[in-house]
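Student: Let me begin by handing over the structure; questions about it come next.
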Amino acid sequence: MTKIVISGTGVFTPPHAISNAELVDSFNSYVRSHNEAHAEAIAAGEVEALQESSAEFICKASGIEARYVMNKSGILDPEIMAPRLPQRANDEPSYLAEMAVAAAHKALARANKTPADIDAVIVACSNLERPYPAIAVEVQELLGIEGFGFDMNVACSSATFGIQAAADMVRAGHARAILVVDPEICTGHLNFRDRDSHFIFGDVATAIIVERAETCTAKGAWEIISTRLSTKFSNNIRNNFGFLNRAAPEGIGAKDKLFVQEGRKVFREVVPMVAQLILDHLSAEGLEPASLKRMWLHQANKGMNDFIGRKVLGREPAPMEQPNILQEYANTSSAGSIIAFSKFSEDLSEGDLGLICSFGAGYSAGNVILRKQA
Ligand code: COA
């Protein structure tokens, strides 16, 4: 079978960071002014008093210490508590396309490729800036790539689903090389007034080049040995924002038009699903878990990753066996495992095996087993 490789990766990190302390300060001022404004109703038992958030809780429950964002001032303003990103004119690049292009330039440079070598663009992410035209087609235009492009969304698993789609298309001869980009402005769908989840997400964009081994000139590329995807319906992570909202105007602006989750249930249900997917996939490929030098896992929760690592390896994983980046980036949806892969893969040696694994809403999960090339 034709050998397919990932020959380059790139990460665009937004310039602004928000620490847990800054986020909690803003949240708690909102809580105090809400409780003051509703003091009488709260005393009468008509309105529930809001509770303050805590930086210690956030770090202990999730491992998240900070996040990068596309707009800091709007998120931290207790009167706004949302990013403020003025709508781009039709003749300007969209935010997602701009971030994707910044990540793509890095991936192209690492892969020794120019846009002329790429035949397709896949934008794989959780939140698309508009329904059409596809962001991928705009990225194609901005980079000067011939061929075709399309957007796809499998929530936090979008990147691995995108990699499988790209690898299959390159193998089938539909493209020589494909750019898969995961631009995520997760702060756009995060309810910063919800104590249970206001700390979860950050913004970023990642890019990957998928091509045939025979066209690859980059050193230290990663052969895609095998991919495996899985989905199982669940309402535990959900967002009801969509084009039919205007047909039911009574629901516009309601909490369910942003990200909502049952965090505990997600934790409990997704950990075994993902661990089993990894174990079954390795076994189908005749590989022992111990043969994996590294796992680049989805970056939602440190405790979740620790559990998955223990179930897969049957022992406590060493920190560099499954490096986390969520302490710095928070959950960046589809991009998380790719940031970890991009930042923590160059030190491995020829022949080493690794696994990218993403998981999230759907539920969805995806694996990419990789072997390092010379
Ligand atoms: N500050 C302080 N306390 C908080 C808080 C905050 N921001 N948010 C919740 N709490 C409190 C709760 O009220 C609860 O208090 P109680 O025990 O008195 O009832 C307690 O902390 C535990 O809350 P819970 O929501 O059960 O916390 P948790 O340990 O499950 O952690 C998550 C919450 C979201 C970090 C965790 O469930 C998680 O990461 N789940 C997986 C999510 C995931 O992977 N999602 C995928 C998204 S793509």
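Student: Based on DSSP, what percent of beta bridges with both residues in the chain are antiparallel, to the nearest 5?
Tutor: 70
Student: Can you give me the distance in nm between label points at SER349 and GLU48, each placed 7 Å from the Cα along the Cα-to-Cβ direction?
Tutor: So the two model labels end up 5.6 nm from each other.
Student: Send over a whole-number figure in Å² for the accessible area per residue of the chain, probe 1.4 Å. Write down the numbers at each step before the final one.
Tutor: Values: 16610 Å² over 374 residues.
Computed with neighbouring chains in place, this is 44 Å² per residue.
Student: So how long is each side of segment 302-355 along the principal axes, counting just the alpha-carbon atoms, biggest first, in Å?
Tutor: Each principal axis gives a Cα extent; for segment 302-355 these are 29, 25, 16 Å.
Student: Suppose we keep just the DSSP beta bridges with both residues in segment 222-372; what percent of those would be antiparallel, to 5?
Tutor: Percentage antiparallel, nearest 5: 80.
Student: For the chain, count the residues as N, evaluate 2.2 N^0.38 Å, and divide the Cα radius of gyration by that value, please.
Tutor: Expressed relative to 2.2 N^0.38 Å, the Cα Rg reads 1.00.
Student: Right, here's the next one. Counting only helical runs of four or more DSSP H residues, what would the 222 nm mean residue ellipticity of the chain come to if each run contributes -39,500 (n - 2.57) and the total is spread over all its residues?
Tutor: Helix contribution divided over all residues of the chain: -10000 deg cm²/dmol.
Student: On to the next question. Could I have the simple spin-label model distance between GLN276 and ALA21, label points 7 Å from Cα toward Cβ, reported in nm to one decimal?
Tutor: 4.4
Student: Further question on the same structure: Where does each of 153-166, 53-66, 189-202, 96-109 land if you order them by average Cβ count within 10 Å, highest first?
Tutor: In descending order of packing, they fall as 153-166, 96-109, 189-202, 53-66.
Student: Could you tell me which of the pairs LYS113/LYS343; LYS60/LYS372; LYS60/LYS311; LYS343/LYS372 are separated by over 25 angstrom between their Cα atoms in the structure shown? Intermediate results must be reported in sequence, preceding the final value.
Tutor: On the way: LYS113/LYS343 20 Å; LYS60/LYS372 34 Å; LYS60/LYS311 21 Å; LYS343/LYS372 15 Å.
Long pairs (Cα-Cα over 25 Å): LYS60/LYS372.
Student: Let me check I've understood the local charge: for TYR30, count other residues with C-beta under 12 angstrom from its C-beta, Lys and Arg +1, Asp and Glu -1. What total comes out? Intermediate results must be reported in sequence, preceding the final value.
Tutor: Working: positive: ARG32, ARG193, ARG195; negative: ASP25, GLU36, GLU52, ASP77, GLU79, ASP194.
Around TYR30, the charge tally is -3.
Student: Spin-label point model (7 Å from Cα, Cβ direction): what's the GLU321 to THR217 distance in nm?
Tutor: Using points 7 Å along Cα→Cβ, the separation is 4.0 nm.
Student: Using the Cβ atoms and a cut-off under 15 Å, what net charge is assigned to the surroundings of ARG67, where Lys and Arg are +1 and Asp and Glu are -1?
Tutor: So the environment of ARG67 carries a net charge of -4.
Student: Okay, moving on. I need the shape label for segment 264-374. Rule: rounded when a/c is under 1.5, else prolate if a/b > b/c, else oblate, with a, b, c from the alpha carbon gyration tensor.
Tutor: Working: a/c = 1.64, a/b = 1.21, b/c = 1.35.
Because a/c hits 1.5 or more and a/b fails to exceed b/c, segment 264-374 counts as oblate.
The values are calculated or read from the model by the stated rules, or taken from the named source; none is laboratory data. None of these values were measured; they are calculated from a predicted model. Note that each Cβ is placed from the backbone with ideal geometry, even for glycine, and that neighbours are counted across all protein chains shown. Accessible surface areas use protein heavy atoms only, side chains included; no ligands, DNA or RNA. Shrake-Rupley method; radii C 1.70, N 1.55, O 1.52, S 1.80 Å.
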